[in-house]
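Working notes for the structure below.
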Amino acid sequence: SSSSSSSSAAAMSENTAPRRPFVLRDKEDGSLDSLRLDLSEDTPRVYMKVCNVTDDPIVYKVKTTEPRRYIVRPNQNPLGPQGFETIEISLLKKEKHELLKTAYNRNGVLAGGKDQLDRFLVQSMPIDRNFYEALESMKPQEKSDALTQKWQDFSAEPQRKYIKKQKLDMHFTFAPEGGADGAAGSQDPAAVADKVREAVAAGAGDGADRPAEGVDHFEEMRRLRRQYDELVDFSVRLTAEREVLQKHLESTKTQWMREMKARVALENQLGTGGRSRAGSGDGDVGDARDGDMAAPAASGFTLVQLAVIAVVFFFVGRLLSG
């Protein structure tokens, strides 16, 4: 009976526990189950609030089926117990112009049914308090890398079951001048169609079809973000190469110092031996010079004496012949 009561208590706890550790609310704190963008706005945007309804920290992430169409800020972050964060979802101006060129029905709502709707997915995973506190002290790039690794860890079993999610559809409307979200009967259909055509023409005139000239601010921010990530990656590689070069330089310097010490020792050894040999050779040189100088004396004739004798014999020969 005790086992049955414990199993029933566990079942009751599972039934009473929230299905997701977060809830989504709109800008006015109302329940949120879908998103809506008004394409008549200059920069269409919508706000979504992610609320942690547990007493433990979590991490959320926002995904979409059209990541090139939207700017989501922030797209992931940790949330403390009972914490919340407001997310801004903005539509790029160039993408808005492309949507405006798509067929609209007579109520000003994007035609084509649910197949043409963009979808968003909000995911969450639990984290421990130590990791949450560590994230709070990290720099943005370090936090992003740590969260990416954490999501990878939870993508495999058995952690995958702890990832909770909620899907939302994005609806597009065209309600200029305070129209009620493009609902039927809110405006004259012909007037809505004229406004759509004017918006398409205005988009073509301000260079929305030319990304090089009509660059959206959010698109520029995204481009700068990519360049920043590339620079970070490049600096990491440079740091690694610098460390390798420093190690090689230290090794080369140590080897050079070792060779210099060996060379100095060899020169000192050769210098001592040369001086000793030079000292012993001085007597030999002196003796040799003395012998060279004494050699002519020992032979009895010098060049001058030979010359004088030759001259004497020459005159004697002349006299005798005379």
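The values are calculated or read from the model by the stated rules, or taken from the named source; none is laboratory data. The structure displayed is predicted, hence computed values, not measured ones. We place every Cβ from the backbone using ideal geometry, glycine too, and count neighbours over all the protein chains shown. Each accessible area value is taken on the protein alone, full model and side chains, heavy atoms only, with ligands, DNA and RNA left out. Shrake-Rupley method; radii C 1.70, N 1.55, O 1.52, S 1.80 Å.
Odds and ends about this structure:
- Taking a Cβ cut-off of under 14 Å around ALA240, the surrounding Lys, Arg, Asp and Glu residues balance to a net charge of 0, with basic ones at +1 and acidic ones at -1.
- Added length on full extension, which subtracts the Cα-Cα distance from 0.36 nm per residue, ALA134 to GLN159: 6.9 nm
- Length gained on full extension, LEU249 to ASP56: 64.4 nm, using 0.36 nm per residue less the C-alpha separation.
- Accessible area per residue for region 40-87, computed on protein heavy atoms with a 1.4 Å probe, is 46 Å².
- Taking GLU41, GLU230 and ordering them by how much accessible surface each has at a 1.4 Å probe, largest first, produces GLU230, GLU41.
- Near ASN77: Cβ cut-off under 15 Å, other residues only, Lys/Arg at +1 and Asp/Glu at -1. The net charge is +1.
- Probe 1.4 Å, all protein chains present, accessible-area order of ASP169, ASP145, largest first: ASP145, ASP169
- In the complete set of protein chains, residue-level accessible area for PHE84 is approximately 130 Å², probe 1.4 angstrom.
- Accessible surface of TYR162, taken over heavy atoms with a 1.4 Å probe and every protein chain present, rounds to 120 Å².
- Straight-distance crosslink candidates among lysines, where the alpha carbon sits under 16 Å from LYS27 and sequence neighbours closer than 8 are dropped: LYS49
- By accessible area with a 1.4 Å probe, ligands and nucleic acids excluded, highest first: order of THR148, THR173: THR148, THR173
- Cα→Cβ-extended label distance, 7 Å offset, between LEU231 and GLU85, nm: 2.3 nm
- For PHE84, nonlocal amide neighbours, meaning residues 5 or more places apart or on other chains whose placed amide H falls under 5 Å from its own, are ASN52.
- Computed from backbone phi, the HN-Hα couplings of region 248-263 come to 5, 5, 4, 5, 5, 5, 5, 5, 5, 5, 5, 5, 5, 5, 5, 5 Hz, rounded to whole numbers (Karplus: 6.51 cos²θ - 1.76 cosθ + 1.60, θ = phi - 60°; Gly and Pro given as x).
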